[in-house]
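Notes to accompany the following structure.
The values are calculated or read from the model by the stated rules, or taken from the named source; none is laboratory data. Because the structure is a prediction, the values reported are computed rather than measured. Please note: Cβ atoms are built from the backbone with ideal geometry, for glycine as well, and neighbour counts cover all protein chains shown.
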Amino acid sequence: MSEESTVSLTSHFLHPLLEPPHEVLQQLFPDNGLSVLNFINFPFPTISYTKISFMPVQFFSMDQPTITDIGKLCVVPMGPSPSVVKTLMEQCLSFLQRGVKSLTCPHTPDCPGTYYLPIWTLSYWCEVVELQHKHLVPWLVRP
């Protein structure tokens, strides 16, 4: 990922806990110069679509993050839908003001209750949703 795209990605966070560490951005996101084929094959986390409804409060925790390994973080499925991820981001600030320190994964039965993700994971999920829907899906759903 180029320095220019890193700056634009990290310049709009409303709270310091929502900003991914600068050193992990290159591992989390594809480089701007990536070919279409490599972009399609980039290992984005999957969206965990489920019919079960979750309240935003179920995703936030007062516990410290336990998952800090980027490799593990990238394989944890994202929230149950893009709309849930958006709702979580919209409500995140009020939860941060109450002192939450991490995200949990109620949408993923494979994640044990001890999986607490850094709050900035939510920013990562939002960026991935945007990349997938704005750039990836048009290439995959071509006539």
Take residue 143 and tell me if it is modelled with pLDDT under 75 and part of a helix (DSSP H, G or I). no
Between a residue in region 24-38 that is under 18 Å from residue 130 (Cα atoms) and of a type in the set (Phe, Trp, Tyr) and any residue that is at pLDDT below 80 and assigned to a loop (DSSP other than H, G, I, E, B), which pairs come within a Cβ distance under 6 Å, given they are 6 or more apart or on different chains? 29/1
Taking region 19-38 as the region of interest, how many residues are in contact with a Leu (Cβ under 7 Å, 6 or more places away or on another chain) and either in a loop (DSSP other than H, G, I, E, B) or farther than 11 Å from residue 70 by Cα (or both)? 1
Can you say whether residue 74 is farther than 15 Å from residue 17 by Cβ and surrounded by 13 or more Cβ atoms within 10 Å (Cβ to Cβ), as far as the supplied structure shows? yes
Looking at region 87-97, can you tell me whether even one residue there is farther than 28 Å from residue 30 by Cβ and of a type in the set (Ser, Thr, Tyr)? yes
Filter pass, residue 110 being part of a loop (DSSP other than H, G, I, E, B), among the charged types (D, E, K, R) and either closer than 26 Å to residue 39 by Cβ or at pLDDT 80 or above (or both): no
Residue count for region 77-104, restricted to those that are in contact (Cβ under 8 Å) with a residue 40 or more places away in the chain and either in a helix (DSSP H, G or I) or touching a Phe, Trp or Tyr at 6+ places or on another chain (Cβ under 7 Å) (or both): 12
Go through (1) surrounded by 16 or more Cβ atoms within 10 Å (Cβ to Cβ); (2) modelled with pLDDT of 85 or more and name the single condition residue 44 misses. (2)
